[in-house]
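Enquirer: This is the structure, below, for whatever I ask next.
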Ligand SMILES: Cc1ncc(COP(=O)(O)O)c(C=O)c1O
């Protein structure tokens with residue numbers, strides 16, 4: 001039977017949905033029913049201002065008509081194709097990004113989200129430099145997948161990350177100050 005009421009939807013969310021970065025038992029996820037522009041509404045009709053369209057990666061306002069139209073058009077024309085093929089949208093977007101990127105950047109690798117992007121960035125850097133060590137900042141967030149969570153700096157309010165820290169032989173958390181000192185030391189050594 002379809003879940004309809006606010007209470008049914010909230011309790012099913014607690015029972016069946018795994019919520020990321022959270023102690024599951026303490027959750028009480030609000031049911032959100034619609035969003036438009038800088039607002040979204042919960043099931044009680046309460047309106048919330050949302051200046052960043054949730055997680056800032058889509059900071060164009062909720063329900064942007066141009067984006068909806070582009071998604072509809074693409075879903076009708078070609079909703080899915082394996083990554084080995086070329087498509088007009090993939091080629092055009094990559095070219096647009098390269099046109100505004102620094103001149104030493106030549107290719108775009110599209111991913112499905114931030115954690116995947118960071119994991120691929122680490123792989124590509126290791127391949128390119130032949131080096132193993134990765135630095136990331138103490139107070140940082142890099143995503144919830146296995147590798148990205150290990151990159152994520154230790155944070156008191158994210159206890160889940162501590163459970164699977166085991167890439168320590170190649171990963172060091174550090175501060176910008178420490179990195180600047182390392183760079184200055186290296187410069188000094190080269191000048192001797
Ligand atoms: C700085 C930063 N890096 C990585 C991520 C992970 O992105 P995603 O949730 O798309 O995997 C986030 C997400 O909030 C982020 O803010």
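No value in this document is a laboratory result; all are computed from the given coordinates. Every value quoted in this text rests on a predicted model; they were computed, and no experiment measured them. In this analysis, Cβ positions are derived from the backbone assuming ideal geometry, glycine residues included, and neighbour counts consider all displayed protein chains.
Enquirer: For a quick check: sort 5, 174 by the number of other beta carbons within 10 angstrom, fewest at the front. The partial results should precede the final answer.
Expert: Details: 5 10, 174 14.
Neighbour counts put them in this order, fewest first: 5, 174.
Enquirer: For n ≥ 4 DSSP H runs only, could you compute -39500 (n - 2.57) per run for the chain, divide by its residues and tell me the 222 nm figure to the nearest 500? Please report the intermediate quantities before stating the final value.
Expert: On the way: 6 runs with 75 residues, N = 192.
The helix-only estimate for the chain comes to -12500 deg cm²/dmol at 222 nm.
Enquirer: With the crude spin-label approximation of a point 7 Å out along Cα→Cβ, what separation in nm comes out for residue 91 versus residue 190?
Expert: 4.0
Enquirer: Relative contact order of the chain: what whole-number percent is it, with Cα pairs under 8 angstrom and at least 6 residues apart? List each step's numbers first, then the result.
Expert: On the way: 164 pairs, mean separation 22.4, N = 192.
Once normalised by length, the contact order is 12 percent.
Enquirer: Taking the 0 to 90 degree range and rounding to the nearest ten, how far is the long axis of helix 176-191 tilted relative to the main principal axis of the chain, both from C-alpha atoms?
Expert: 20
Enquirer: May I pose another question? Taking Rh as the Kirkwood radius, which is the inverse of the mean 1/r over Cα pairs, what is the Rg/Rh value for the stretch 35-79? Present the calculation step by step, with values, prior to reporting the outcome.
Expert: Numbers: Rg = 12.8 Å, Rh = 11.7 Å.
Reported Rg/Rh (Cα atoms, Kirkwood Rh): 1.10.
Enquirer: Obtain the radius of gyration and the Kirkwood radius of the chain from its C-alpha atoms and give Rg over Rh.
Expert: Details: Rg = 21.8 Å, Rh = 21.1 Å.
Result: Rg/Rh = 1.03.
Enquirer: Which percent, nearest 5, of DSSP beta bridges in the chain are antiparallel? Please report the intermediate quantities before stating the final value.
Expert: Details: 8 of 12 bridges.
Percent antiparallel among DSSP bridges in the chain is about 65.
Enquirer: Okay, moving on. Among 141-152, 180-191, what's the highest-first ranking by average C-beta atoms within 10 angstrom per residue?
Expert: Values: 141-152: 19.7, 180-191: 9.4.
Top of the packing list down: 141-152, 180-191.
Enquirer: With axes computed from alpha carbons, what is the tilt in degrees of helix 88-100 against the longest principal axis of the chain, rounded to the nearest 10 within 0 to 90?
Expert: Roughly 50 degrees between the two axes.
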